[in-house]
Structures are given as structure tokens and as C-alpha cells.
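A short reminder: the numbers here are calculations on the coordinates, not readings from a lab. Here the structure is a predicted model, which is why all the values come from computation and not from measurement. Neighbour counts run over all protein chains shown; Cβ positions are idealised from the backbone, glycine included.
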Amino acid sequence: MSALRLYRNVMKPRTNAYTRWMTVALFAVAMAWVESAVVFYLRTMLNRLEPYQPHPLPLIGGLGPAELVREVATMIMLLTVGVLAGRTWRSRLGYAAIAFGVWDIFYYIFLKILCGWPHSLWDWDILFLLPLPWWGPVLAPVMISALLVIWGTLASQFDREGMEHPGWKVWVLNFAGVLLALYVFMADSLRVARHGVEAVRNVLPVQFEWLSFFCACALMAAPAIANLWWICRKRFFQSTNSTQVQNEELAQLL
């Protein structure tokens, strides 16, 4: 009976959490193929398989508004799968982060398969269109996606172990990193925004502020670092307590 109780209380929750992680990741991979296929169709129609070229955002018919709504719908879908997979607000956000990270990474992998682009991680891409076009090398969103997968895994897989929630100071650092990253991505669009929509649509960046971006990534990693510190500390104390118990038992035997 004790062995059965151990399985129910320990092994089964771990199995369920792993299954949920794999299910969310599988959904994100499938969604990434749909996303990359849609982008492949659009860029083929507009002759923009290479995003970094003159007039990168041509205005044709109603494709612009439709694309903006599609981006919002994509974010809603990724958030929804996290809400469905998690049981607490923390695990829900964690699964949503996993879905976003896996989706974004495989989006570029599938684009490479479909059309041979990107040629390298240094190729410029239009990452998002709201509220202004985001520009950055492919490596930049991939780094953020990897960070999201790491934090999402920690938040969703260890939530059942009573992981301490990062304090508000940690989230302030994270939010500051998000704002800095957004500024780096939209810096060129912000620079020409006063000249009107046409200038924003035709802007081509020439330099990416990697130093500022690395600082943003470090700030955004604050919650993941806090969670990792909690896990290491818990494992250390568990190991120390186990060693003390063994020493006491050995002393009694002697």
C-alpha cells in the first residue's frame, strides 16, 4: 500500500507534468509549421522571401490588416494552450512560455526547410508588426525563445514542489528587460515614426544594438535565475539533511 501511495503522490504527478510539457511542445511545433507555411505563401506572393530588401512592407489590398489580426490571434492561441495545460496561474504562464518559445524556434527551422531562408542566424527579419515593425537578426528572437522555454519549464515542472514565487523586485527587472528589448527591436521604426506610415513601412535597419540586447536578456532572465537558485538551494538542503540522518543512524549503530 505504501508503494502504491508513493506512486500516486510522486511518480504520477511527474508523469503528468512531463506529458503536459510534451503535448504543449508538440502543439507548438505543429503550429510553427502552419505559421511558417502562411508566411512562406505571403512572402512568395509579395516577392519578399528575403525580408531585408527595399520596400520590405509593400501595401497590397487588405493583407496588412489581415496580417495584424493574424499576429494577435497567434498570441491568443499560444496563451490559450498554456491556460489549458496548467493548473495554477504560474504553471499556465509557464506552459504558455514553452509554447511561444518552441513555436518561434521551429518557425525559423521550418522556414529554412520551405524556402532556404534564413541563410544564417545573422539575417535580418521583421519579427512583429505591432505597434510598429520590429527588426532584428534571427538569433535575437531565438535567444529570447530559448529563455522562455527554460523559464517555462522551471515554472511548470517544479510548481508542484512548492517553488517560491520570485519577489516583485525580480519581476521589475524582468519587465525592465522586456521594455529594453522592445526598444532595441523597434529603435529604427521609432526613429522614423515622425515621418509617417510610409517611412515606417520602408525603413531598413543597418545596425543591431547587441550590447543593449544582451543587457535586456540578462534582465529578462531574472525569474529563471531565481527559480534555479531555489532549486539548487532545495536540493542542497535535502542532501545535507539526508547526510545528517545517515550519520545519526550510523552513530546509533556504533
If you take the residues in region 54-74 that are within 15 Å of residue 126 (Cβ to Cβ) and of a type in the set (A, V, I, L, M), which one is surrounded by the fewest Cβ atoms within 10 Å (Cβ to Cβ)? 59
Taking only pairs six or more apart or across chains, which ones have beta-carbon atoms under 8 Å, a first residue in region 139-154 that is without any contact (Cβ under 8 Å) to a residue 24 or more places away in the chain, and a second residue that is of a type outside the set (S, T, N, Q)? 139/121; 139/122
Note on region 193-211: residues in a helix (DSSP H, G or I) and closer than 18 Å to residue 125 by Cα are 199, 200, 201, 202, 210
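Table: residues versus (1) of a type in the set (Asp, Glu); (2) touching a residue at least 24 places away in the same chain (Cβ under 8 Å); (3) crowded, with 17+ Cβ neighbours inside 10 Å; (4) over 30 Å from residue 17 (Cβ atoms).
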site: 42; (1), (2), (3), (4): no, yes, no, yes
site: 52; (1), (2), (3), (4): no, yes, no, yes
site: 76; (1), (2), (3), (4): no, no, no, no
site: 84; (1), (2), (3), (4): no, no, no, no
site: 88; (1), (2), (3), (4): no, yes, no, no
site: 91; (1), (2), (3), (4): no, yes, yes, no
site: 96; (1), (2), (3), (4): no, yes, yes, no
